[in-house]
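Some notes on the structure that comes next.
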Amino acid sequence: MAEKQTDEKKAVLPAKSDFSEWYNELLMVGEIMDVRYPVKGLYVWFPFGFEVRKLTYAVIRELLDKDHKEALFPLLIPETEFMKEAEHIKGFENEVYWVTRGGKNELDVKLALRPTSETAIYPMYKIWVRSHADLPIKIYQIVNTFRYETKHTRPLIRLREITSFKEAHTVHATWDEAALQVKEAVRIYQEFYRRLAIPTVVSKRPDWDKFPGADYTMAVDTLMPDNKTLQVGTAHHLADNFAKTFDIKYEDIKGEQKYAHQTCYGISERSIAALISVHGDDKGLVFPPEVAPVQVVIIPILFGKSDEITRACRAAAERLRAEGIRGALDESDERPGAKYYKWEMKGVPLRVEIGPRDLKNNAATVVRRDTGAKESVPLDNIAGEIKNRFENIRRSLFERAERSMRERIFGCSTLEEVKDKIQEGIARIPWCGERECGLVMENEVGAGILGVPEGELGRGAGTCPVCGKGTELMAIMAKTY
Ligand code: ZN
């Protein structure tokens with residue numbers, strides 16, 4: 001018989017306090033992404049990581065499908081369309097990949113690999129939009145986009161191929177209706193992140209940091225373990241800027257031709273970077289049950305003769321399956337300790353152990369991944385007991401993450417303080433709202449203004465650190481990804 005003790009795997013994951021190392025290593029050992037693809041900024045989804053992606057994107061699909069339609073537009077955009085919107089070009093021209101040849105032939109019109117799809121979609125909207133009765137249009141697609149990033153690339157966070165860009169593009173009759181849609185988009189994103197148990201801050205980006213071609217941009221940020229913020233969603237009010245460029249007009253009730261008003265909003269695999277980073281720990285991945293590829297693992301605790309335990313474990317696995325719970329039964333030859341380690345790394349929210357003592361009580365021991373808490377539950381109702389714990393786990397992950405974020409938001413009154421506090425998280429400081437002052441603030445601090453957040457966080461009383469004017473607006477500043 002093989003001696004198992006010596007080849008049992010030892011933890012290879014660096015401590016989470018060493019965030020950057022931890023993150024890179026976890027993507028590999030947790031089998032999320034393989035970073036060894038031979039093109040800079042392009043990465044490979046492992047099947048396990050792709051399962052996480054599938055489950056996560058099922059949530060956003062569910063939320064959007066209530067009143068959006070999913071569609072699919074081409075990857076290639078003719079230069080003639082791409083170059084139409086001046087601001088938009090300025091914002092993206094340094095990042096665009098161009099296809100210039102087909103086989104041996106030079107193309108007459110260069111084709112851009114979409115860095116985002118406004119210029120692919122809006123020529124079609126010009127054809128589709130005719131009358132007020134066609135509006136609103138709410139369409140989204142989930143696609144890959146390409147950006148020639150010159151900054152340091154990082155899996156799931158800064159990519160040259162964004163593999164999972166969910167972009168929605170809506171068309172409305174009026175500016176006000178489009179503004180309401182921007183609000184709705186932000187609400188959907190907050191709901192999405194609540195489902196992932198990730199706390200967010202919503203703010204209106206400063207004018208100089210908005211989407212190229214937009215009237216304004218709302219952004220959703222979360223705070224990463226290394227105290228930098230990660231932008232995990234944006235919603236843009238495009239007004240009629242693109243409609244004028246692409247000639248998207250509708251006939252209103254009085255028979256007059258009017259330019260439409262538009263919005264677009266997106267999230268990407270950064271949502272999964274946040275999911276992994278916010279919840280993971282020294283032992284590996286931690287997932288809320290809804291997006292965990294394996295929600296429960298059953299581990300038989302065998303001593304000598306074990307037919308009875310094996311039978312009980314298989315019966316429990318069958319019960320979980322019948323209830324639609326994603327379960328795994330680990331009947332491998334490894335010792336229980338090695339199995340615990342392996343499934344903890346994978347972020348399985350609940351572990352079920354069944355040993356002789358459990359069986360004598362017709363029970364199982366249930367252990368939570370997030371807290372380590374152990375409970376004995378009746379085997380007869382194992383599926384119900386498991387299901388009941390799912391929402392509690394999500395909620396406690398969210399509360400823990402939110403507490404951690406709140407503790408790292410600091411009220412400041414001088415730029416010196418801001419400089420100091422952005423090392424530890426988000427700095428909150430009075431701002432008069434003027435561009436000139438904002439740019440000075442960014443310059444002196446060496447970090448960006450995320451914006452004036454929605455809700456209490458963005459309200460207060462103080463004086464702008466640059467011009468000294470009294471203000472009730474509070475801006476937040478942070479180091480960002
Ligand atoms: Zn000022």
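The values are calculated or read from the model by the stated rules, or taken from the named source; none is laboratory data. Predicted model only: the values in this text are computed from it and were never measured. Every residue, glycine as well, gets a Cβ built from its backbone with ideal geometry; the counts of neighbours run over all protein chains shown. These accessible areas exclude ligands, DNA and RNA; they are computed on the full protein's heavy atoms, side chains included. Shrake-Rupley method; radii C 1.70, N 1.55, O 1.52, S 1.80 Å.
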Could you figure out which of (1) surrounded by fewer than 17 Cβ atoms within 10 Å (Cβ to Cβ); (2) modelled with pLDDT of 95 or more; (3) closer than 30 Å to Leu26 by Cα; (4) not hydroxyl-bearing (Ser, Thr, Tyr) isn't true of Asp330? (1)
Exactly one condition in (1) closer than 21 Å to Gly280 by Cα; (2) surrounded by fewer than 19 Cβ atoms within 10 Å (Cβ to Cβ) is false for Glu308; which is it? (1)
Restricting attention to the range 193-217, which residues are without any contact (Cβ under 8 Å) to a residue 40 or more places away in the chain and part of a strand (DSSP E or B)? Tyr216, Thr217
Which one is farthest from Pro453 (Cα to Cα) among residues in the range 384-422 that are within 16 Å of the ligand (Cβ to nearest atom) and surrounded by fewer than 18 Cβ atoms within 10 Å (Cβ to Cβ)? Thr414
Criterion first (within 26 Å of Asn392 (Cα to Cα) and part of a loop (DSSP other than H, G, I, E, B)) does Phe287 satisfy it? yes
Looking at the range 451-481 only, could you name the residues that are of a type in the set (A, V, I, L, M, F, W, C) and either within 8 Å of the ligand (Cβ to nearest atom) or open to solvent by less than 10 Å² (accessible area, probe 1.4 Å) (or both)? Cys464, Val466, Cys467, Ala475, Ile476, Met477, Ala478
For the range 267-305, how many residues meet the condition of being of a type outside the set (D, E, K, R), open to solvent by 10 Å² or more (accessible area, probe 1.4 Å) and under 15 Å from the mean Cα position of the chain (by Cα)? 2
Which count do you get for residues in the range 433-447 that are in contact (Cβ under 8 Å) with a residue 40 or more places away in the chain and crowded, with 22+ Cβ neighbours inside 10 Å? 1
Return the residues of the range 115-154 that are open to solvent by 10 Å² or more (accessible area, probe 1.4 Å) and assigned to a loop (DSSP other than H, G, I, E, B); say none if nothing qualifies. Arg130, Leu135, Pro136, Arg147, Tyr148, Glu149, Thr150, Lys151, His152, Thr153
What about Glu334, is it over 21 Å from Tyr193 (Cα atoms), assigned to a loop (DSSP other than H, G, I, E, B) and not assigned by TED's automatic domain parsing to the domain that holds Arg459? yes
Of Gly433, Gly446, Gly425, the only residue that is outside the structural domain of Asp221 (by TED's automatic domain parsing), out of contact with any Asp or Glu (no Cβ under 9 Å at 6 or more places or on another chain), away from the ligand (no atom under 16 Å from the Cβ) and on the phi > 0 side of the Ramachandran plot is Gly446
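Does the range 310-333 contain any residue that is of a type in the set (Asp, Glu) and closer than 30 Å to Asn227 by Cβ? Explain how you work it out, then say what you get.
We begin by selecting, within the range 310-333, every residue of a type in the set (Asp, Glu); these are 318, 323, 330-331, 333.
If we keep only those that are closer than 30 Å to Asn227 by Cβ as well, we get none.
Within the range 310-333 (the criterion being of a type in the set (Asp, Glu) and closer than 30 Å to Asn227 by Cβ), the answer is no, since none of the residues qualifies.
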When the range 217-254 is checked residue by residue, the ones that are within 24 Å of the chain's Cα centre (by Cα) and open to solvent by 40 Å² or more (accessible area, probe 1.4 Å) are Pro225, Asp226, Lys228, Gln231
